[in-house]
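Visitor: Quick one: structure below, then a few questions.
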Amino acid sequence: MLDNPWLGIGGIEITGFEVIEVTRVGQTSFNYEVKAWATNNGKDVAVDVTAVLIGQPGGTEAIGSVLTFGAIPAGAKALSNNSFTIRIDRTQVFNESLLEFEVK
């Protein structure tokens, strides 16, 4: 596992999330539709950037775990073109830092 679970190849990292919609799907379960922010810390433009959710904390279930970003210039930040949904059982503590992405 990487020291920073959101850091990808070439200095691309997931730096945050934006909640698009929250839907209750059970007594204690909610679906959170989210987009992610990625930052290019490299010195060159990154093209065809994708992020795949490969790990998540207990009490969660990912639905649609591949995010696309397109090109991200050096030093720039970009919001994903699409979203993914994470189902969270709110009887358990959720820590977004435990979401693990493979960024390419």
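Since every read-out is calculated from the coordinates, none of them should be taken as a lab result. Everything quoted here is computed from the prediction, not taken from an experiment. With ideal geometry, Cβ positions are generated from the backbone for all residues, glycine too; neighbour counts draw on all protein chains shown.
Visitor: Send over the Kirkwood Rh of the chain, from the inverse of the averaged 1/r over different Cα pairs, rounded to one decimal Å.
Guide: 14.0
Visitor: Next question, about the same structure. Efficiency by 1/(1 + (r/R0)^6): what FRET value for Val47 and Thr15, r their Cβ-Cβ distance, R0 = 30 Å, to the nearest 0.05?
Guide: Taking R0 as 30 Å, the efficiency between Val47 and Thr15 is 0.95.
Visitor: Further, regarding this structure: Before anything else, pin down the relative contact order of the chain: Cα pairs under 8 Å, at least 6 apart, normalised by residue count, whole percent.
Guide: Value for the chain: 35 percent.
Visitor: Let me ask something additional. Once you charge only the Cβ atoms, +1 for Lys and Arg and -1 for Asp and Glu, what is the size of the charge dipole of the chain about its Cα centre, to the nearest 20 debye?
Guide: 160
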